[in-house]
Amino acid sequence: MSDLRKEYYQSLGIDEKVYDYCSKIEEELKDRFSEIDKICEINQMKVILAMQKNRLSESHFAGSTGYGYTDEGRDVLERIYADVFHTEDALVRSQITCGTHALCVAMFGNLRPGDEILAIAGKPYDTLDEIIGIRQSRGSLAEYGVTYAQVDLLPDGSFDFEGIKNAITDKTKLIEIQRSKGYAVRPTLSAEQIGEAIRFVKSVREDIICMVDNCYGEFVQDKEPSDYGADLVVGSLIKNPGGGLAPIGGYICGKKEYVENASFRLTTPGLGKEVGASLNNTKAFAQGLFLAPSVTASALKGAIFAANVYERLGFKAVPDMKEARYDIIQAVELKSPERVVAFCEGIQSAAPVDSYVTPVPWDMPGYDAPVIMAAGAFVSGSSIELSADAPMREPYAVYFQGGLTYQHAKYGIIMSLQKMVEKNLIVW
Ligand SMILES: *Cc1c(COP(=O)(O)O)cnc(C)c1O
């Protein structure tokens, strides 16, 4: 009997036993995947509706240079983003260099000396440490007289409402909530959960700005934190909402006043959103947003597939193979450095770009252990494309995310297992 699919996997170096094991697992995920498809469909409609409503047209893709005054395409794209996130306004720019920068601009634009930031989901993402001044650094908000306070999540991963109430003072100006767990050991927060915390904060004081670091969470659910009262949602275009096509960029969506404040920081007071040439990026941003719901769904399916492949072999998957998902990140504790290396080799060798490269651990600045990274991406550093990284220390957890297509994510995971099997690192 001919099985063309199996033949292709074999010609890509996958053993029959590995293929059969993974195929069986995929069979069992059909219902789960069909739930994801439904969310994807809702988000796809949401995006198309926003594009039609704002009369997106071919002429908007022309781009602009220089100052970028009257860049109609850029402005239309921002109205589309605002409609997708159901916010009053949006800043979606090529001049925002990454997610960290977007968060920095949102905070600096909206905070003044004497104000306090309160993080209510524990410590923010590592790259915010030096922006806020949690780790001392030149130019931090701390240097400008903005203070910082933090309330950790409770041991079960829920918000500490009592703690939040006690931590809010007259100085509290902005609340920071990180939706994705990032590399922390806590569950990712659902948009509903975030909404509950925002309602609580607003009940203590209405005028506190609630900002959500939305990185990796966009389009995973059928609603966004901005549908639940977030005043600002912020993220990177080389993650979910760029759909793999955005070559750079970040977004800040939210209340008009707060988005404008951010724009005065990104460009200058006075100039704000009026300047900032889109160069040639508007088409990629728009088309990427159009693809983002299905790209995100693909990455999500890949993550669930991986959790199932590895958990059934006795490894701890976080989130586990059955858990509800609120971001696209998957961690697997592989328990040995050899397995971590083999995993990353598999992801790398399955890539469309740089598949022939062998990833090795290296001493990356800012990390306490060597880090290994696997990525073969069309956009450098893009983590909506299939990529993996791991610090070489206990419990030897590998973090991975992305996959522009489910088929590629699946192949990458199968290849990671294949590499481990070849090195006798798996007990079947
Ligand atoms: C990726 C990420 C960031 C920072 O984004 P960069 O584009 O890497 O600067 C911030 N917060 C979270 C939760 C992230 O996942």
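Centroid-to-centroid, using Cα positions, region 62-99 and region 274-297 are 9 Å apart. The packing ranking, built from the mean of other Cβ atoms within 10 Å per residue, places the peptides 383-393, 70-80 in the order 383-393, 70-80, highest first. Counting heavy atoms of the protein chains alone, residue 7 has an accessible area of about 90 Å² for a 1.4 Å probe. Peptides 170-183, 138-151 ranked from most to least packed give 170-183, 138-151, packing being the mean of other C-beta atoms within 10 angstrom over each peptide's residues. Pairwise inverse Cα distances across region 1-107, averaged and inverted, put the Kirkwood hydrodynamic radius at 18.3 Å.
Between residue 280 and residue 422, the distance separating the two model label sites (each 7 Å from Cα on the Cα→Cβ line) works out to 3.8 nm. In the elastic network of the chain, a GNM with C-alpha springs shorter than 10 Å, the most mobile of 95, 401, 221 is 95. Does anything in region 385-408 have its amide N under 20 Å from the 7 Å Cα→Cβ label point of residue 23, and if so which residues? Counting backbone N atoms under 20 Å from the label point, the list is 406-408. Full extension of the chain between residue 360 and residue 35 gives 113.3 nm of extra length, using 0.36 nm per residue less the Cα-Cα distance.
When only Cα pairs below 8 angstrom with a gap of at least 6 residues are kept, the chain shows a relative contact order of 17 percent. Computing FRET efficiency as 1/(1 + (r/R0)^6) for residue 158 and residue 11, where r is the C-beta to C-beta distance and R0 is 56 Å, gives about 0.70. Each 5 Å bin from zero holds the following percent of Cα-Cα pairs in region 54-289: 1, 7, 15, 19, 20, 16, 11, 6, 3, 1, 0. Of 399, 367, the residue with the largest accessible area leads and the full order is 367, 399 (1.4 Å probe). The heavy atoms of residue 256 offer some 100 square angstrom of accessible surface to a 1.4 angstrom probe.
Helix 30-53 and the longest principal axis of the C-alpha atoms of the chain enclose an angle of approximately 40°. Over all Cα atoms in the chain, the spread is summed up by Rg and Dmax: 21.8, 73 Å. Rounded to the nearest 0.05, what FRET efficiency do residue 353 and residue 170 give with R0 = 51 Å and r taken as the Cβ-Cβ distance? Could you check? Efficiency computed from Cβ-Cβ geometry: 0.45. Report note on the peptides 244-253, 333-342, 11-20: ranked by the mean count of other C-beta atoms within 10 Å, highest first, their order is 244-253, 333-342, 11-20.
Between the Cα long axis of helix 191-204 and the first principal axis of the chain there is an angle of about 30°, rounded to the nearest 10. Our analysis of region 200-270 gives Rg over Rh at 1.02, with the two radii drawn from alpha carbon positions and Rh computed by the Kirkwood formula.
For residue 368 and residue 88, the difference between the fully extended length at 0.36 nm per residue and the C-alpha to C-alpha distance is 96.6 nm.
The angle between the Cα long axis of helix 99-110 and the longest principal axis of the Cα atoms of the chain comes to about 20 degrees, rounded to the nearest 10. Charge tally for residue 64 (other residues, Cβ to Cβ under 11 Å; Lys, Arg +1; Asp, Glu -1): -2.
Computing FRET efficiency as 1/(1 + (r/R0)^6) for residue 67 and residue 143, where r is the C-beta to C-beta distance and R0 is 41 Å, gives about 0.85.
The values are calculated or read from the model by the stated rules, or taken from the named source; none is laboratory data. Source: prediction; values computed, not measured. Please note: Cβ atoms are built from the backbone with ideal geometry, for glycine as well, and neighbour counts cover all protein chains shown. All accessible areas refer to the heavy atoms of the entire protein, side chains included, with ligands and DNA or RNA removed. Shrake-Rupley method; radii C 1.70, N 1.55, O 1.52, S 1.80 Å.
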